[in-house]
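Trainee: I'd like to ask you about the structure that follows.
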Amino acid sequence: MTAALIGRAHPAATLRAQLSRATASHGGLALVAGEAGIGKTTLVSALADDAREAGALVLGGTCWESGAAPGYWPWVQVMRSLRREAAPHEWAVASSPTLSALLGETPEPPADDGFELPDAVTRALVTVAQDRPVVVILDDLHWADPASLRLLEFAARHTWFERLLLIGTYRDVEVDAPSHPLHELMLPLVAKATTITLTGLDETGVAELMSRTAGADPGAELAIDVQRRTGGNPFFVEQTARLWRSGNTVSAVAPGVADALQRRLSLLPRPVTDLLTNAAVLGREFSLQLLAATAGAPAAQVDHLLTRAVAARLVVALGEGRFSFAHDLVRESRYAELTPTEAQRRHAAVVRAGEHTPTLVGVAERARHAYLAHTELDPKHVIRLLLAAAKDAGARMAFEESVAHLRRARERAADDRSQAVVALELATALWRFEAKDEAWLLCEEAVALARQEDNANLLARAALTLSKFGTGGAQREFTVQVLREAHEKLCGGNAAEPLSLDRIRLELTARATILARDDEDDDALAFTLWARHDAIWGLGSGAERERLTDELAAIARRTGDRENEFFAASLKWVALLEQGDPRYLDQFHVFQGIADEGVQAAKLAEAIDRSIICAFRGRFGEADEALAEALAAPEIFGSNDYGYMPDQLRWSALLVQGRFAEAADLPAKMADSGFPHPALLRTLTAALAGDAATTRHELSEALADGPYARAFTPLWLRCQAQAAVVLKDRAAAERLLRELSPHSGEWLVSLYGCELSGPVDLWTGLLHKTLGDHETAAAHLTAAARSADRLRARPWAVEARNHLASTLLDLGDTDRATALADAVTAEAAELGLHHITAHLRPATPPPPAAANEFHRTDAVWTLRFAGREVRMPDAKGLRDLNYLLSRPGTEIPAAQLLSPDCGQESEATRTFSGDPILDDTAKAAYRRRLDQLDEAIDAAALRGDDAKAATLDTERAALLDELRTSTGLSGRTRRLGDETERARKAVTARIRDTIRKLTDLHPELADHLRHTITTGSSCSYHPETPTTWRL
C-alpha cells in the first residue's frame, strides 16, 4: 500500500489481507469507520491503488448528503464505472434492462421490489468477477439512502464466495446514535463485516503529517501540542500545518474544527466568508445563480468571490455554474456560525428566491428549506410547500420520500385544521404502504380534531377519507358513524328516514364541493372533487365526471400539482369514452403528452391506459407489450388494493378475444391478489362461453356477493345481461332493460376505466332479442355497431354485427344476414376473435353428418368437424370424448370413464363409497338458517343499520361457502374420500385439457364440445341438434 499513509499500518494491513483473499479465492465486506476528517477516504483510496496494481477492477461511488439525491445514487455511480471500465464483452454479459433503468437509459424506473434491482446489480458484479477480482468502494455511507444500504447488505450476503470485495466508509459517531435514520440498517452490515475503526494519529504520526504538509519539521514539542489540540484528526492537523506554514502560531489552531477553519477563513475577505455562510445554508453543492439570488448580489460579483474561495481550496468548481465545498467540515463550520434565528432567516430567503424564480430551487429542496425556516415563514405556507413536495415525490414514485415530507408537515402544523388535514394525507399515504394501523390512528385523530373544532367541512373530509379504505368490523362501524355525523352537520338530516351510505356520500360530496368553491380553497376543492368523482361513478355520470376532471386539471395547473394533473387527464378520456364520445382518443394523446414530460407515475399509468385502449381497438399484441412495460415497475401493483390489476386487464382482453378457457383460470388468481368479487368474473366468463349450467350456479354466488360498489356496478350489469341471455331469463331481461334503456349511446365502464364492457345498445339489443322483439333488437345492435365504429373499437363493432347478422336471419332477411356474416367472418379472423370465427356463417346450413369424424387409428386420432380436419396424438381425454360422443344424451359416471373396462364394478363404486360431506339434515338446517338471515338482513337494511346487515351478511356468505363445498355444480351431494370424487376430478381435468388444446388446433370443434359436453360426477354429450359421428 502507498507510503503516503501515515500512522495507518494496522488498518492498511487489515485491508490488504481482505484484498489478498478476494484476489485468491473469495471476497467479503469491510467497513472503515471514524469521525469526519479522520482519513477514511485516504485509506480506501490507497487500497484502490493496490487493487489496480493487483489486476483488480476498482469501482466507486460516493453518497450525497442532500435529501434530493436520487435513490441508489452511490450504486448508480458504481454501475457507471462498471460500464466505463469493463471490456465490451464483459458489459454485454453483465448488463440487463434493470441496470439500464437504474442508469436512466430507459424511460422506465428501476424495479424497487427489494429483490430485482439488488439482484441485477449483484449479478453484474459477480459476472465481471469471474474474469478478474472486483473491488467496490462506497464512501460516506452515513448519507446513503436506505435502499442503497439494503442493496449493500444484499450484495454482501450473496457474494461471499465470489472474488468481490465490498468496502464502505461511514461516520460511526453519527450512525451509532439510535436516533440516526440509518442506525437499524447499519447494524446487520456491521455484524457481517470486518470493521476497521480509525482513531487520531499519535504524536509521531502528527509530526510526520505536519512535516509533509508544511514542508518543514515541526519538532517533537510542537507535534505533541498539535496532537493534544486536534486529537490527531488528520484533517485538523493538515489545516493547522498550513496555517503554521503561513506564519501563524499553532496556538491559533483550536481543538475543534470550527476554530481551525475559522482561522483559515479569516485570511479571506469578509465578503467571501459571508458568501460561504450563505452557501452553507444551501448545502454541500450549490448553484451560482441560487447563491446570488439568496445573497441578494449580482451573479458576476458572486462569481468573483467564489473564485477567491476556490483559490483557498475551500470550494471546488464543478462546472456549468455549480460548486461544492471542498470538505463537509468547511460547510458545517460555516453553518455552525449562524444562530438558530439567523439560520432560519436564511432558509426562508432561499424559499423566497425559489418562489421568485421557481427554476432555481426544486420542489423538494424548497420544502426542505421551508421546514428549516421554522417560524420565519407562515406555518400554513410551510405546510403547503411540504404537501406539494409530498405529491411531487408521489408522482416520481418516491413513496418513502413522500411520507417523509408529510411527517415534516405534521411537525409544523400549528392549528387543529392543519393538523387534521396533514394527518389525513399521511394516513392515505401510509394505507397505501400497508401501514394500516398507524393510518387508522391518524384518521381517528383527525376526526377528534374536527369534532373539537366543530368543523363540519373537516369532519366530512375525514369521513370521505375513511370511506376510501373499505374496512370491516369495528372500523366500518366507526366509518359509518362518522359519515352519518358529517352528513347531519353539513347537509342536515332526518333521523326518521335513514339514508343509504351511497346517498350520504353523494350529498356529502356535493355540499362539500360547493363550500370549497365558496372558500376558494384549492386543496379542499381538489379533495372534494375527487371524492365526488368516485362517489357518482356509474352509468349516466360521464358528463359530470368530464366537467369534474376539467376543473381538477385547472386546479392542478394553478397549484403546480403534477400528480393531480395527470390523474385528471387520464380519467377524462375514460369519462368521454363512457359517453360514446370519439374525442376520448384525442384526450388520451393529451395524457400521453403529460407522461412524456417525465413524471414517473404518469409514464406507468400511460402504459396501463395504452394497454387498455389497444385491447379496446383490437390491437392485442400492442396491449400485451404495454402491459409488460407497466409490469416492469412492480411498485405500482405492490398494494393489495391494486395487486390484481394485471390479471384483471388480461382477463378483460381475453374475453374480448373469445379466449374463454384461458380467462376462466384467472378469477381464482385475482382473488388471491385481493380482487373482491371473483364470482362475478366466473359468472360472466361462463355466460360468454355459453355454459348455461355453470352460469346458473355461479350467478347465485355473484348475487349473494352484492351489493356492488359503484366502481363495479357497470360490470355487474353486463354480467347480469349476458346471464339473462344465456339462461333465457325473461324476467331478468325485462328488469335490466328498464335499467339500461335510459343510457342508450353510452358505454359500460368499470374500475375507473380498467374494464370496458361494451356499448349499452349491445346489451339492450341482446335483451330485446331474448324477449323475442327482433326488430327492436336489430335497431339497438345497429346503433351499437355504429357507436363502436365511431370509437374505433373494432372488436365491439364485430361483436355487435355478429349478433345483428343472427338477428337478421331470425327476421328472415337471409341475404343481408349472409353478407354481414361474411364481413364479420373476415374481420374477426383478422383480429383473432376466436368465439366469433366459430360461428362464421349464421345463414349457412350445418355440414352433412358424414363430415364429422372422431376416429383413432393406432396412436393417432383423426378429428373432422365443420369442414376442418386435424390429427392429434392419443390421449385419455380424447378417449373420454369418444366414449361420450358414442352415447349422446346418456349420463356416464366419471368412475366408469376412469376405468371404462370395469363396467358395473365402477358403477357400484360410484354408488356405495364415501360419506356425504353434509348429510340432508345438515343441509336442511343450513338452508333454514339462510332464510332467517335473509329476513334479518332485510330488516336491518330497512332500519338503516348497515353495520348489523354487514355482520349478518358475513355469516350468510360463510354458510353459502359450506353448501357449495358439499355439492357439485348441478347440486349433487359430494362425498368424503370416495372414488367418485377422485374420478370426477381426474376425468374433468383431462377432458378440459383436451378441449383447451383443441382451441388452437380446431376452434370450431373445441367450441362445439365446450357447449355440449358436461362434466362432473357424471358426464354426458348433449348436442342441440342431432349430430352424427364416424367413431
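The values are calculated or read from the model by the stated rules, or taken from the named source; none is laboratory data. As the structure is a computational prediction, the values presented were derived from the model and not from experiment. Methodologically, a virtual Cβ is constructed for each residue, glycine included, from the backbone with ideal geometry; neighbour enumeration extends over all protein chains shown.
Trainee: Based on what the data block shows, is ALA317 in a helix (DSSP H, G or I) and at pLDDT 85 or above?
Mentor: So ALA317 does not fit the description; no.
Trainee: Inspect all residues belonging to the stretch 29-42 and state whether any of them is among the acidic types (Asp, Glu), buried (at least 16 other Cβ atoms within 10 Å of the Cβ) and in a loop (DSSP other than H, G, I, E, B).
Mentor: The answer is yes; a qualifying residue exists.
Trainee: Next question, about the same structure. Would you point out which residue out of GLU105, GLU53, GLU85, GLU65 is surrounded by fewer than 17 Cβ atoms within 10 Å (Cβ to Cβ) and under 30 Å from GLY593 (Cα atoms)?
Mentor: After ruling out the rest, the residue left standing is GLU105.
Trainee: A further question follows. Has the stretch 125-142 got at least one residue that is within 30 Å of GLU35 (Cα to Cα), assigned by TED's automatic domain parsing to the domain that holds PRO181 and touching a Phe, Trp or Tyr at 6+ places or on another chain (Cβ under 6 Å)?
Mentor: yes
Trainee: Can you name every residue in the stretch 169-189 that is crowded, with 17+ Cβ neighbours inside 10 Å, more than 33 Å from the chain's Cα centre (by Cα) and in a helix (DSSP H, G or I)?
Mentor: Within the stretch 169-189, just ASP172 meets the criteria.
Trainee: Any chance the stretch 810-825 includes a residue that's in contact (Cβ under 8 Å) with a residue 24 or more places away in the chain, touching a strand residue (DSSP E or B) at 6+ places or on another chain (Cβ under 9 Å) and of a type outside the set (Lys, Arg)?
Mentor: No.
Trainee: Among the listed residues ARG476, ARG451, ARG432, identify the single one that is more than 27 Å from ALA568 (Cβ to Cβ), in contact (Cβ under 8 Å) with a residue 60 or more places away in the chain and among the basic types (Lys, Arg). Spell out how you get there, then give the answer.
Mentor: Working: ARG451 fails: in contact (Cβ under 8 Å) with a residue 60 or more places away in the chain; ARG432 fails: more than 27 Å from ALA568 (Cβ to Cβ).
The match here is ARG476.
Trainee: Out of everything in the stretch 695-731 that is touching a strand residue (DSSP E or B) at 6+ places or on another chain (Cβ under 7 Å) and outside any helix (DSSP H, G or I), what residue ends up being surrounded by the fewest Cβ atoms within 10 Å (Cβ to Cβ)?
Mentor: ALA711
Trainee: Same structure, new question: Looking for whichever is under 15 Å from ALA875 (Cα atoms) and not in a strand (DSSP E or B) here; the options are ALA983, ALA989, ALA1006. Which one fits?
Mentor: Values: ALA983 fails: under 15 Å from ALA875 (Cα atoms); ALA1006 fails: under 15 Å from ALA875 (Cα atoms).
Result: ALA989 is the single residue among ALA983, ALA989, ALA1006 that is under 15 Å from ALA875 (Cα atoms) and not in a strand (DSSP E or B).
Trainee: Give the residue that is modelled with the lowest pLDDT, with candidates limited to residues of the stretch 230-258 that are part of a helix (DSSP H, G or I) and not hydrophobic (A, V, I, L, M, F, W, C).
Mentor: That would be SER251.
Trainee: While we're looking at this one, here's another question. Condition test on SER100, is it out of contact with any helix residue (DSSP H, G or I) (no Cβ under 8 Å at 6 or more places or on another chain), at pLDDT below 90 and polar (S, T, N, Q)? Don't jump to the end; show me each part of the working.
Mentor: Numbers: out of contact with any helix residue (DSSP H, G or I) (no Cβ under 8 Å at 6 or more places or on another chain): yes; at pLDDT below 90: yes; polar (S, T, N, Q): yes.
Answer is yes for this residue.
Trainee: Next question, about the same structure. So which pairs qualify, if the first residue must be in the stretch 563-581 and farther than 21 Å from ASP596 by Cβ and assigned by TED's automatic domain parsing to the domain that holds GLY540, the second must be assigned to a helix (DSSP H, G or I) and hydroxyl-bearing (Ser, Thr, Tyr), the Cβ gap must be under 8 Å, and the two must be at least 6 apart or on different chains?
Mentor: ALA575/THR549; LEU577/TYR584; GLY580/SER787
Trainee: State all residues of the stretch 43-56 that are farther than 20 Å from LEU152 by Cα and either outside the structural domain of MET186 (by TED's automatic domain parsing) or outside any helix (DSSP H, G or I) (or both); if no residue qualifies, say none.
Mentor: The answer is ALA54, GLY55.
Trainee: Checking GLY765 against (1) among the small types (Gly, Ala, Ser); (2) out of contact with any His (no Cβ under 7 Å at 6 or more places or on another chain); (3) buried (at least 18 other Cβ atoms within 10 Å of the Cβ); (4) part of a helix (DSSP H, G or I), which single condition isn't satisfied?
Mentor: Unmet for GLY765, out of (1) among the small types (Gly, Ala, Ser); (2) out of contact with any His (no Cβ under 7 Å at 6 or more places or on another chain); (3) buried (at least 18 other Cβ atoms within 10 Å of the Cβ); (4) part of a helix (DSSP H, G or I): (2).
Trainee: Another question, then. On the given criteria, is LEU276 in a helix (DSSP H, G or I), crowded, with 18+ Cβ neighbours inside 10 Å and under 46 Å from the mean Cα position of the chain (by Cα)?
Mentor: Yes, satisfied.
Trainee: Sticking with this structure for a sec: Residues in the stretch 688-704 that are under 21 Å from VAL656 (Cα atoms) and either touching a residue at least 40 places away in the same chain (Cβ under 8 Å) or out of contact with any Cys (no Cβ under 9 Å at 6 or more places or on another chain) (or both): how many?
Mentor: Number satisfying all stated conditions: 8.
Trainee: β-branched (Val, Ile, Thr), outside the structural domain of SER148 (by TED's automatic domain parsing), under 29 Å from the mean Cα position of the chain (by Cα) and crowded, with 21+ Cβ neighbours inside 10 Å: which single residue out of VAL382, VAL422, VAL403 fits that description?
Mentor: On inspection, the qualifying residue turns out to be VAL422.
Here is a yes/no grid of residues against (1) in a helix (DSSP H, G or I); (2) more than 16 Å from CYS1019 (Cβ to Cβ); (3) at pLDDT 80 or above:
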site: THR844; (1), (2), (3): no, yes, no
site: THR862; (1), (2), (3): no, yes, yes
site: MET872; (1), (2), (3): no, yes, yes
site: ALA895; (1), (2), (3): yes, no, yes
site: ASP901; (1), (2), (3): no, yes, no
site: GLU905; (1), (2), (3): yes, yes, no
site: THR909; (1), (2), (3): yes, no, no
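Trainee: Count, please, the residues in the stretch 353-364 that happen to be assigned to a helix (DSSP H, G or I) and either within 13 Å of LEU291 (Cβ to Cβ) or at pLDDT 90 or above (or both).
Mentor: Adding up the residues that qualify gives 3.
Trainee: While we're looking at this one, here's another question. Mind listing whichever residues of the stretch 732-754 are assigned to a strand (DSSP E or B) and surrounded by fewer than 21 Cβ atoms within 10 Å (Cβ to Cβ)?
Mentor: So in the stretch 732-754, the residues assigned to a strand (DSSP E or B) come out as 747-750.
Within the stretch 732-754, no residue meets the criteria.
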